[in-house]
Each structure stands twice: as structure tokens, then as C-alpha cells.
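S.K.: Take a look at the following structure, please.
What follows draws every value from the coordinates through simple rules; no lab data is involved. All of these numbers come straight from a predicted model, not from anything done at the bench. Backbone-built Cβ (ideal geometry, glycine too); neighbour counts: all protein chains shown.
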Ligand SMILES: *Cc1c(COP(=O)(O)O)cnc(C)c1O
């Protein structure tokens, strides 16, 4: 067990030293000065540690070629794919843009999985040409299109079929994806999964390697993965009995929750992987089917707690008798998660981190939207004022990757921090970048 620094906040890479906020082994104030704000910071050591937690637990408790596949949609740029590859994870990609990014980072695409509920013919061609190892196929139109395009190219494409096990993971509706009526995948309960699977087995130029499901995101219930494994293995058994089909790969998707605020639990990835691994092994024995190789697709839990965003306060508006606002130089363009999901965040004043927090403000951005809120009801020091540096913690997932240019606001840079080193992984967008596509 590692020793816990008693001055750390939320995660052990965030500490307060002499009243200033530090990230990894660096002063956030010096980083803000060096690179400007708004600024995304990513702790490279933490990303690697999170990768290893998955890899080591899968090796130890499952074996049989089990792998973690990083869901790039959580945070996608070249340096991330280099790190993921060095740590021995596969990549879960949802668009040609993500495939292109991974390719430029020399990511071995035979270990990539192409997701998504509506891949165009162009996407399918691009991904086959790029050598993407597996398609995670969502529907029958896609099975037909892959078979046809792979046929024209004279290749056989490996696929997994995305199924919906009919599980409600008790998370936000916006991120629940495994229910029977989901936009994603084919339902087991209605018999349609069997239809598409048996149909796929008859199609040329496609090799059905196994089955995939992903029940949702921000999942804290430890039994969610066990329950979906149970239903998926039942389906594997049915396919084996009726069609003699042996499932090579069982992919249970991603979705482990992370802690954004102190009140949320810390979940042990290791314990969760042990539990699901033991369950799958005993269930396969019980059902008399071969043990498939396991895939998990973590996104958020690899990068979320490796991230922090720094902003500079511009105005503090006090509406006497009503409420207060602290406005910063970023907003929903770099972090749309409160606007989208009312996500909770921990906010600190980086240059006044030890001052008592007595002034309640909504932390808001500078977009022309009243909904441009990073977090409501944040407690700040009474003295908060223009020029102060504000840090929002745990922004490594679904912040940079969801950032937009709304109001023609340039996206912040991403700086990798690793112990005492720091380097620019994504530079700040310039005004000319914003007009680069305008003719
Ligand atoms: C979003 C997604 C993931 C990753 O989910 P996290 O909550 O970020 O771990 C994995 N697989 C699929 C298919 C997804 O859509």
C-alpha cells in the first residue's frame, strides 16, 4: 500500500503546499504562468498507473489473453495513444478521426476495435484499409456492409457483435447503454441477438470473433459486470448449443466510475476484476463452454483522475440578496459536462488553497449561454478576485475530447506533467486554427 499524503485533495496527485495547489510534483501556479490559461494538465504517471492496474489484475485473475482496451473517446490525442501502447493496452476507436490519430501515433491498429452504431461505407473502407483488427458491429446493416466491402477488397474482417444484455446499471440515463431499448446493439431478450449472430455466421468475408456489450458509464455497483457477464455467457451457451459456435472473445465494455467529489466512493478496479474473472470462470465451467478471452474497455477510469483544468478568474459578480458568480476564462467549450449531465466537480482556488472558503458562487464560463456553468454553488475564499487561479479536478476524461469551438473560442492546450517534467502534448489553438476551414 502506498502512503497517503495527508494534504492531498481527492486523489494523491493533488496536494496543497504552503497554500498553493500542486499537481503531481509541480506547482500549478508555475504551470499556469508558463503555459497560460485555460490549461488542461494530464498526469502521465497516473495514466500509466491506471493502465497497469487493469493489465496486472487481468493477467493475475483472468489470464487467457485477457486485455484492457482503452476507450479513446474519453481523451484522444497522439501522446495518449503512445502511452497506451507502451503500457500494452488495446484501443477502442469510434471514428476515422480517432483511427487517424492512433495511426499517427504508430499505434498497432491490429489491436484496435472500431465501435459505433452507424459506420458509413466510407468509415468501413477507411478502417479496413487502416488494418483495424476488429469491428464492433452494432446492427445487421453494418454486417452486410462490412461483408460486401471486405469482399470487394478480398479480405476477411474480424468482428464482434454488440449485444444489449438488458441491464440497468443505475447510472445517469444519458450514459446508460445496455438496456433493451437502447440505441446501441441488438437485444438478447427479444431474440434479435440470436437472429443477427446466426445470420452473421452465414456471411462471407466476416469472421465472428465474439460478443460485446457495454452497459453504461459511471458504474459503481460491483455486480453490474457480473450480471452482464451472466447474460452474455448464457447467450454464448445458446450459440454453442444451437449453432456449434465457440465464442473466442467476450468484451464486457467499459464504465467503471471515478470519484469527482469526496462523497463518491473509491472503487477498486483490482477487486472488481477479480470478482468478474472468478465469476466468468466458474460460470463457463457450470455451462460447459470454453472460457472466452476477456476484454474490458475502460475510458474514464484510465484518464479522469489524471486530469486537472486551470482557469483564471475574470470577474466576481455579487448580486446582493441573490447569488454570486465567479467567471473564468474557459467554460462549457472546454468542459461541457455540467451542462450535459449536471456532473459534480471539486473546485479549488489554486493560489489561495489554504484560505477558508466562505463565499458561495456559481463557477461559470464566458460563453453566451446561461447554461454555461462548470459547477454551481462552489465555496471560494471571501477574497476571490480577478487574476486568481481556479483549478477544477478530475477533468482528464470527456473534457478535452468533448471540447468545442462554440463562440469561436479556441481550445486550450494539453500539458503532460510527469513528476518534475512537463511537456506540451497538444498546443493551444490559434485564431488562425479557428478559421482554417473557412473558404
Ligand atoms: C464510452 C464507452 C466506453 C468507455 O466508458 P468509460 O465510462 O469511459 O469507461 C467503453 N466502451 C464503449 C462501447 C463505450 O461506448
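S.K.: Apply 1/(1 + (r/R0)^6) to the Cβ-Cβ distance of residue 243 and residue 431, taking R0 = 56 Å, and write down the FRET efficiency to the nearest 0.05.
M.R.: 0.45
S.K.: Something else now. Quick check on segment 18-91: what are the equivalent-ellipsoid semi-axes from the Cα gyration tensor, as sqrt(5λ), descending, whole Å?
M.R.: In descending order the semi-axes read 31, 15, 8 Å.
S.K.: Evaluate the relative contact order of segment 105-206 (contact order divided by residue number), counting alpha-carbon pairs under 8 angstrom at least 6 apart; express in whole percent.
M.R.: 25 percent
S.K.: Nearest-5 percent of antiparallel DSSP beta bridges in segment 140-241?
M.R.: 10 percent
S.K.: Roughly speaking, what is the stretch gain from residue 155 to residue 18, that is 0.36 nm per residue apart minus the C-alpha to C-alpha distance, in nm to one decimal?
M.R.: Contour length minus Cα-Cα distance gives 43.1 nm.
S.K.: Now a separate question. Using the Cα gyration tensor of segment 349-438, with a ≥ b ≥ c the square roots of its eigenvalues, what is the shape: rounded (a/c below 1.5), prolate (a/b larger than b/c) or oblate (neither)?
M.R.: It is oblate, given that a/c is not under 1.5 and a/b is not larger than b/c.
S.K.: Which one, 151, 396, 330, has the greatest fluctuation when you compute a Gaussian network model over the chain with C-alpha springs under 10 angstrom?
M.R.: Result for the chain, Cα springs under 10 Å: 151 fluctuates most.
S.K.: Over the chain, what is the relative contact order in percent, taking alpha-carbon pairs closer than 8 angstrom and at least six residues apart?
M.R.: Averaging sequence separation for qualifying contacts and normalising by length gives 19 percent for the chain.
S.K.: When 62, 398, 311 are ordered from fewest to most other Cβ atoms inside 10 Å of their Cβ, what list results?
M.R.: Ranked by crowding around the Cβ, least crowded first: 62, 398, 311.
S.K.: Would you list 302, 273, 206, 289 from fewest to most Cβ contacts within 10 Å?
M.R.: Ranking 302, 273, 206, 289 by Cβ neighbours within 10 Å, fewest first, gives 289, 206, 273, 302.
S.K.: Take the Cβ-Cβ distance between residue 404 and residue 117 as r, set R0 to 22 Å, and report the resulting FRET efficiency rounded to the nearest 0.05.
M.R.: Computed FRET efficiency for residue 404 and residue 117: 0.55.
S.K.: Still on this structure, I have one more. Restricting to Cα pairs below 8 Å that are 6+ residues apart, what does the relative contact order work out to for segment 297-439? Please round to a whole percent.
M.R.: Relative contact order comes out at 28 percent.
S.K.: With a cut-off of 18 Å, note down the residues of segment 396-439 whose backbone N falls inside the zone around a label point 7 Å from the Cα of residue 357 toward its beta carbon.
M.R.: 396
S.K.: Write down Rg/Rh for the chain, rounded to two decimals, with Rg from the C-alpha atoms and Rh from the Kirkwood relation over Cα pairs.
M.R.: Result: Rg/Rh = 1.00.
S.K.: Also, I was wondering about something else. Could you tell me the largest-minus-smallest coordinate of the C-alpha atoms of segment 309-408 on each of the three principal axes, in descending order and whole angstroms?
M.R.: Over segment 309-408, Cα extents along the principal axes are 33, 27, 23 Å.
S.K.: If you don't mind, another one. Quick one: of the DSSP bridges fully inside the chain, what percent are antiparallel, nearest 5?
M.R.: Bridges in the chain that DSSP calls antiparallel: roughly 50 percent.
S.K.: What full-extension length gain, to one decimal in nm, is calculated for residue 223 and residue 49 as 0.36 nm per residue of separation minus the Cα-Cα distance?
M.R.: Here the answer is 60.2 nm.
S.K.: While we're here: Taking the 0 to 90 degree range and rounding to the nearest ten, how far is the long axis of helix 140-153 tilted relative to the main principal axis of the chain, both from C-alpha atoms?
M.R.: 80 degrees
S.K.: Listing 320, 247 from the residue with the fewest other Cβ atoms within 10 Å to the one with the most, what is the order?
M.R.: So the residues, fewest neighbours to most, are 320, 247.
S.K.: Still on this structure: How many nm is it between the label spots at residue 7 and residue 270, if each spot is 7 Å from the Cα in line with the beta carbon?
M.R.: Simple spin-label model gives 2.8 nm for this pair.
S.K.: Distance from the Cα centre of segment 89-141 to that of segment 378-439, in angstrom?
M.R.: When both Cα centres are located, 28 Å separates them.
S.K.: Now for a separate question. Quick one: length gained pulling residue 30 to residue 315 fully straight, 0.36 nm per residue minus the C-alpha distance?
M.R.: Residue separation times 0.36 nm, minus the Cα-Cα distance, leaves 100.4 nm.
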